[in-house]
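To start, the structure under review is shown below, and the notes come after it.
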Amino acid sequence: NIELEERLNTDSTQIEVDSDQVQQVLVNVLTNAVQAMPAGGKLTIDTREIGKFLEIEVSDTGSGMTEEVRSKVFEPLFTTKAKGIGLGLAVCKSIIDRHKGQIEVKSKPGQGTTFNIKLPIKAE
């Protein structure tokens with residue numbers, strides 16, 4: 001029940017990353033997006049170059065988060081899931097930080113969530 005829209009910039013400059021770790025980040029963010037839309041919705045994945053960064057943006061039309069939840073999603077052991085352990089997004093942030101990148105989240109209850117991941121185009 002989820003419509004997928006991909007707006008991928010296939011001409012992007014290659015970046016130097018640990019592909020397994022970045023894959024883990026993307027799988028976690030995408031899994032969270034799907035779980036936020038149990039009745040279906042729209043999942044959008046955008047990539048683009050902005051300045052010295054490759055941006056990957058994952059948006060869903062799911063349940064969204066309150067400001068209180070949004071402010072804690074990257075904290076270890078914080079979860080809103082009955083069976084979650086609260087490490088997924090904390091690990092994601094750690095991986096992106098080690099790559100000298102950034103991960104941010106925007107969300108409004110009832111309007112969905114957007115994760116923005118920025119990875120440097122050139123390793124320093």
key: Selection within the range 19-30 - of a type outside the set (A, V, I, L, M, F, W, C) and either in contact (Cβ under 8 Å) with a residue 24 or more places away in the chain or not in a helix (DSSP H, G or I) (or both)   = 21, 24, 28
inquiry  = Just checking, does the range 80-101 include any residue being closer than 20 Å to residue 6 by Cα and either out of contact with any strand residue (DSSP E or B) (no Cβ under 7 Å at 6 or more places or on another chain) or aromatic (Phe, Trp, Tyr) (or both)?
reply    = no
message = Among the numbered criteria (1) in a helix (DSSP H, G or I); (2) surrounded by 19 or more Cβ atoms within 10 Å (Cβ to Cβ), which one does residue 68 miss?
response = (2)
key: Verdict on residue 31 being hydroxyl-bearing (Ser, Thr, Tyr) and in contact with a strand residue (DSSP E or B) (Cβ under 9 Å, 6 or more places away or on another chain)   = no
ask   = Which of the residues spanning the range 1-15 are surrounded by 11 or more Cβ atoms within 10 Å (Cβ to Cβ) and part of a loop (DSSP other than H, G, I, E, B)?
value = 8, 9, 12, 15
inquiry  = For the structure I just gave you, tell me whether residue 124 is open to solvent by 40 Å² or more (accessible area, probe 1.4 Å), farther than 23 Å from residue 1 by Cβ and at pLDDT 90 or above.
reply    = no
remark   = Per the filter on the range 43-65, residues open to solvent by 70 Å² or more (accessible area, probe 1.4 Å) and under 20 Å from residue 1 (Cα atoms) are 61, 63
In the range 23-42, the residues that are closer than 17 Å to residue 104 by Cβ and open to solvent by less than 20 Å² (accessible area, probe 1.4 Å) = 25, 29, 33
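The values are calculated or read from the model by the stated rules, or taken from the named source; none is laboratory data. Just so we're clear, the structure is a prediction, and the values are computed from it rather than from any experiment. When we count neighbours, we look across all protein chains shown, and the Cβ atoms used for this are built from the backbone with ideal geometry, even at glycine. Note: accessible area is taken over every heavy atom of the protein model, side chains too, but ligands, DNA and RNA are not part of it. Shrake-Rupley method; radii C 1.70, N 1.55, O 1.52, S 1.80 Å.
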